[in-house]
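Each remark here refers to the structure printed beneath this line.
The values are calculated or read from the model by the stated rules, or taken from the named source; none is laboratory data. In this text the structure is predicted, and so the values were computed from the model without any measurement. We place every Cβ from the backbone using ideal geometry, glycine too, and count neighbours over all the protein chains shown.
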Amino acid sequence: MRNLPFPPAANNLIATKKVLGASKAHESAHKHVSGEATYIDDQLLPADGLHAYVGLSTVSRGIIKQLDLSAVLSAEGVVEVLTLKDISGHKDIGPVFPGDPIMVNQGDSVQFCGQVLFAVAATSYKLARKAASLAKIEYETDEPIVTIEQGLEENCFVRPSHTQKRGTPKQAIKNAPYSLQGEFRIGGQEHMYLEGQASICVPAEDGGMLVYSSTQNPTEGQKLVAEVLDIPMNLVTVDTRRMGGGFGGKETNANQWACLAALLAAKTGRAVKIRLARADDLKTTGKRHHFLSQYHVGFDNNGRIRGLDLALSGGCGMSPDLSDAIVDRAMFHSDNAYYLSDVEVVGHRVKTNTVSNTAFRGFGGPQGVLAIEQIIEQIARAVGKDPLDIRKENFYTNDDGRDTTHYGQKIEQHVINNLVKRLEDSSNYRERRQAIDTFNQSSPILKKGIALTPVKFGISFTVQHLNQAGALIHIYTDGSIHLNHGGTEMGQGLFTKIAQVVANEFGVKVEDIFCSATRTDKVPNTSPTAASSGTDLNGMAAKDAAIKIKQRLIDFACNHFKIDAGEVEFSDAGVTADDKQFSFAEFIQLAYMNRVSLSATGYYKTPKIHYDREKAKGQPFFYFANGAAVSEVLIDTLTGENKLLRTDICQDVGKSLNPAIDKGQIEGAFIQGMGWLTTEELVWDNQGRLLTTGPASYKIPAIGDTPAEFNVELLPDSDNTEATIFHSKAVGEPPLMLGISVWSAICDAVASLRDHKLSPLLDAPATPERILNACNELRARDS
Amino acid sequence: MIKFLLNQSETIIDQIDPNTSVLDYLRDNLNRTGTKEGCASGDCGACTVVVAEAEGNQLVYHSANACITNIGSLHGKQLITVEDLKKDNQLHNVQQAMVDCHGSQCGFCTPGFIMSMFALRKNNVTADPHKTIESLGGNLCRCTGYKPIIQAANQSFESPSDDQFSEQHDTVIKHLDNINQQYPNAHLTHLDKQFFSPSTSDELAKLLVEYPEARLLAGGTDLCLEFTQFLREAQVLVHTGRVKDLATIELNDKSLVLGAAVTYSHAADQLISLYPDLKELIERLGSLQVRNQATIAGNIGNASPIGDMPPVLIALGAELVLRKGDERRTISIEDYFIKYKVTALQTSEFIESIIIPRPDPLADFKAYKISKRLEDDISATCGAFSIKIDQGTVSAIKIAFGGMAEIPKRAKYCEQALLNQPWNSQSIERAMVEFKKDFAPISDFRASADYRLDVSQNMLRRLYLELESNSQTIRVTQYA
């Protein structure tokens, strides 16, 4: 550069407000509200670009006798048809274990209804979709395994079962004054990201591929595209600016569409876009695992759990995908916030002829937490106490040796006891319980219920090597800062928070930081943005990069002005050195003219974590995030209709980087968790066909489901005692489980029919039908 | 040719497939991609746009799902999309409120929310929490939990409603009047496909005789699903939306007469004033976007077994005027439904109007809708009860249900068990059993057959309790 940009003078500086801990708006907020934020399908294709679509299996289990695609090939606008035999590279895109063929060939077996059989590229989206519907396919069908029970009966598993054990649970249950045995079914959940799966692939020089993908996992997309094309990873670049929602549904499930578009783009030499119509998106992509919980629990008069024997069977669908880790996480969370002295948890990974279930916010954790909460509910009514008192009785504490989980991790920071007490008081839980009892006595049809439920959620990928991240920062000679990191933006405000971290390091405004699209050629070998880890990992990596450049600048200043490091200060969008005031840009120019490198990469790996799966012992989590919610509901005992009246939440986010974004995560996760346990019901027929294939039949919460009174507090003065990014705590997944308070409150309302002496049997989701059935069963039950 | 205003620009479309949705037109033809496709079935609201129409001297701003709005229906109207709201690089106050309240996360649903909020703001003077929920009930957000969106909607009322659209209000009205006067009828031809939008019922009747295979397009909120979900195509579409003499609401001594082109939003006030219990049902029927377009005649015409208005109209003893060419006949709505998706309608015949009797001052009317989600959900079952109690005895009763049979149907055994019986809980318990003779419902993803029966029977209990004790609320929807 011969001529430098004209920098703002130091005397024009406006004092920057504190950036860390400030409720900055989402970096794309202005673009969201004006329609200017661009998603995959909004990108203009090159003039000769093609549109791809897929043909899906209409049976759940069988052999493809004939795959006749002649009508597809000759349909209007069709340019190319792709089947498995056209692929010279890898044909299986299983993310951890094999089992996910990218398509199914004639003669091979179909494993779920909705499985991709072939792909077609045509000149328009509509023509591609129409063409895809013209295939003539004959199957030799077999009886599918649809339910968890069927899978268990036939010993069908995608991965071996796994056990975590402490003490002598069977003996402890036998010795306990009381015991209960039971079963409980937990439904799955559709992600229902508003932006469906989509990708655009553009052929590049040297046989390479530029991939735009709505993915939480650009690196895995890059690896798989390289493998199916049989080219090295350095020829594939994946670019992800933003997703219109992910929630785990684009962690592995985005890969297939990028791979298919890439294969078609490579074959035709033209750019190819693929996006799924909503009904097909629902049929062919995985969901949250549904679970069967089978328990035998021993407890005493006070409701303290003496021994627990718990089997958690996750319905995995047809392939392993991420199910090994998901069922593990369910097992890791089957203690929730409770000390279980003698316990055995067995996790089964049940195989069925349904779509392979995948990551979904909480990653198995919510199912584990709900399983133990359901047991707590049963115990409470068996001993005739308020479930809150049973919860408190069983909390981990830092005395009596009740501080170590069943997998051997010591709880270092005891938050839950105080947090729950605080919420119990601030929400007037006890007074309201009394008022509800009074209401119920005078209301024969409508009944109210209330519940306070806690959450303790482990933070870190349980697969150790994923706990690393990279970042890249450039400073240009006008003082503007370019930031890139390995995390993806799916609405959670990651780019905003990390820009705040970097702005804080350089003492500049957030607006001076530009965070560009996540790209595999900028920051390589990244982990998926998942496990609530986005800010923890990438924030630290970005901070590392910033500190490297900052140190160079300080060293330069010391050298140049012959001063000590302590005399250099970065603040108010400027730099003070040698008692001189520079604007940030002026100082950067000075550094540039004196040949200081203004670009750096950053790196971070989470310390302390280790886990021995063979022994099922270790410290898989860096720390725990805690929270609790109180919900009050109203149910109609004639119809099962229900309404959430009020919710109070207290969530421990450590020292918040951005309270507005954190509250947004908490509120959104709570409502999503409530939806999972109330209106969101996935229904398959006995042939394994999904019947709820769109928002007309699958009901996520609507605006009227948000409680009229909804109080959310971030637990004050609760810095993370671990050295996380500015001592904050992860917030993406933990509050989803606060939705369990709604399910528990519904149980409480139903239980009021028998004076809380009997416990309702209410599988999740608690639809009006299940609630009415629970009311009817409870009314008729012998006491 | 169809002619409309795209914001301020007069837009003429000559060559386009008449099956095209407004959403595809915006995104594919104009590359206006601010409006998003979430589901292409009118269930998520991500594609919400605003269609403004002149009603007298006033522009009325209707939110609509662009994915199930047929392009031809824009003729003579103004289409406003999210791109039009910013002025001189300044956000519109509904947009600014959304930013201020942190109402967007992933941002994909946001343009749709903005447009629903824009319509809400333009049509109302002050914030009303109930209206906010009603107006935004058809927009799904998977990220925020809605709290900041509700706050934003309220905040938008704190700044004045004047904007560039109020400045242009009179010009737009004039412009639309010109188009409508110059081109009262709209017509599109594309290859072998045609779209007609006549302005009188005589022309409509003639077109249907001339094109017996034509598909009748009213609001299109059901028909368009055939195009977007099943990729079917209509060769000939005849649109009722511009037929002036079918867009009439007439209240005479005996009855309320609704023309076939009357939408739910248009008829709501009148229906509710006659039958107050319809307020809840209408507010839970589809979403505001759907009610702004969908017609009551369409809800009858498509003969869905799960439509909510047919059982209501059966219980109220409504009649339909059917017309073919110049011939008209009046039938009881009950006789309209023959079997699954089969109706009394003959080829080239159409529903011209719906005659709903005024309420009998001595009778009561109640309608109960049961669905998984309270807002914007299709009924598992929907029951309508018209009952007259004379000195403690049931002197007249009509009960009809949707979702319980292949057609909307009366519960005649149950009615018989109650008629001329004392109005007490014993009679109710006896009559409840009769439902099993009336209905053999199916199990599907909305509900099991057992639940459908169970809850329908309990509706009778609810009816009894509600009529017996007017004071105590026994519906969760009405608890405040």
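Tabulated data
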{"quantity": "From the options B:ALA214, B:ALA268, residue that is out of contact with any His (no Cβ under 9 Å at 6 or more places or on another chain) and either surrounded by fewer than 16 Cβ atoms within 10 Å (Cβ to Cβ) or outside the structural domain of B:ASP24 (by TED's automatic domain parsing) (or both)", "calculated": "B:ALA268"}
{"quantity": "Enumerated helices (runs of 4 or more DSSP H) restricted to segment A:386-469, each holding at least 2 residues that are among the polar types (S, T, N, Q)", "calculated": "A:416-426, A:429-442"}
{"quantity": "Filtered residue count, segment B:461-478, keeping only those that are within 10 Å of chain A (Cβ to nearest Cβ) and among the aliphatic types (A, V, I, L, M)", "calculated": "3"}
{"quantity": "Within segment A:497-507, considering residues that are in contact with a strand residue (DSSP E or B) (Cβ under 8 Å, 6 or more places away or on another chain) and within 13 Å of A:LYS24 (Cβ to Cβ), the one surrounded by the most Cβ atoms within 10 Å (Cβ to Cβ)", "calculated": "A:ILE498"}
{"quantity": "Residue check for A:LEU235: touching an Asp or Glu at 6+ places or on another chain (Cβ under 8 Å) and either among the polar types (S, T, N, Q) or surrounded by fewer than 22 Cβ atoms within 10 Å (Cβ to Cβ) (or both)", "calculated": "yes"}
{"quantity": "Checking B:CYS44 against (1) of a type outside the set (Phe, Trp, Tyr); (2) more than 20 Å from the chain's Cα centre (by Cα); (3) in a loop (DSSP other than H, G, I, E, B), the condition it does not meet", "calculated": "(2)"}
{"quantity": "Cβ-Cβ under 9 Å pairs, at least 6 apart or on other chains, segment A:755-783 side modelled with pLDDT under 95, far side loosely packed, with under 15 Cβ neighbours inside 10 Å", "calculated": "A:SER783/A:LYS757"}
{"quantity": "The listed residue being farther than 25 Å from A:GLY248 by Cα, among the small types (Gly, Ala, Ser) and within 12 Å of another protein chain (Cβ to nearest Cβ), out of A:GLY694, A:GLY704, A:GLY673", "calculated": "A:GLY704"}
{"quantity": "Search result, residues across segment A:688-709 that are within 24 Å of B:ALA46 (Cβ to Cβ), touching a residue at least 12 places away in the same chain (Cβ under 8 Å) and not in a loop (DSSP other than H, G, I, E, B)", "calculated": "A:LEU690, A:ASP705"}
{"quantity": "Failed condition for A:LEU715, given (1) out of contact with any Cys (no Cβ under 8 Å at 6 or more places or on another chain); (2) surrounded by fewer than 24 Cβ atoms within 10 Å (Cβ to Cβ)", "calculated": "(1)"}
{"quantity": "Residue list for segment B:121-137, filter: more than 8 Å from chain A (Cβ to nearest Cβ), touching a residue at least 40 places away in the same chain (Cβ under 8 Å) and within 26 Å of A:GLN672 (Cβ to Cβ)", "calculated": "B:GLU134, B:SER135"}
{"quantity": "Subset of segment A:395-419 (residues that are in contact with a helix residue (DSSP H, G or I) (Cβ under 7 Å, 6 or more places away or on another chain) and within 19 Å of A:SER741 (Cα to Cα))", "calculated": "A:PHE395"}
{"quantity": "Residue within segment B:467-475 that is part of a strand (DSSP E or B) and surrounded by 14 or more Cβ atoms within 10 Å (Cβ to Cβ) present", "calculated": "no"}
{"quantity": "Sole residue being away from chain B (no Cβ under 12 Å) and touching a Lys or Arg at 6+ places or on another chain (Cβ under 8 Å), chosen from A:ALA745, A:ALA751", "calculated": "A:ALA751"}
{"quantity": "Verdict on B:VAL238 being touching a residue at least 60 places away in the same chain (Cβ under 8 Å), β-branched (Val, Ile, Thr) and not in a loop (DSSP other than H, G, I, E, B)", "calculated": "no"}
{"quantity": "The one condition in (1) within 30 Å of A:GLN619 (Cα to Cα); (2) in contact with a Ser or Thr (Cβ under 8 Å, 6 or more places away or on another chain) that A:GLN150 fails to fulfil", "calculated": "(1)"}
{"quantity": "Flag if A:LYS550 is in contact with a Phe, Trp or Tyr (Cβ under 7 Å, 6 or more places away or on another chain) and surrounded by fewer than 24 Cβ atoms within 10 Å (Cβ to Cβ)", "calculated": "yes"}
{"quantity": "In segment B:218-239, the residues that are touching a His at 6+ places or on another chain (Cβ under 9 Å) and either within 22 Å of A:GLY694 (Cβ to Cβ) or surrounded by fewer than 20 Cβ atoms within 10 Å (Cβ to Cβ) (or both)", "calculated": "B:GLY220"}
{"quantity": "Qualifying residue in segment A:281-301 (condition: touching a residue at least 60 places away in the same chain (Cβ under 8 Å), within 14 Å of another protein chain (Cβ to nearest Cβ) and not charged (D, E, K, R))", "calculated": "yes"}
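To keep it simple, each residue is scored yes or no on (1) closer than 20 Å to A:ALA382 by Cα; (2) not hydrophobic (A, V, I, L, M, F, W, C).
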position	(1), (2)
A:ILE137	no, no
A:GLY151	no, yes
A:THR168	no, yes
A:ASN175	yes, yes
A:LEU180	yes, no
A:GLY187	no, yes
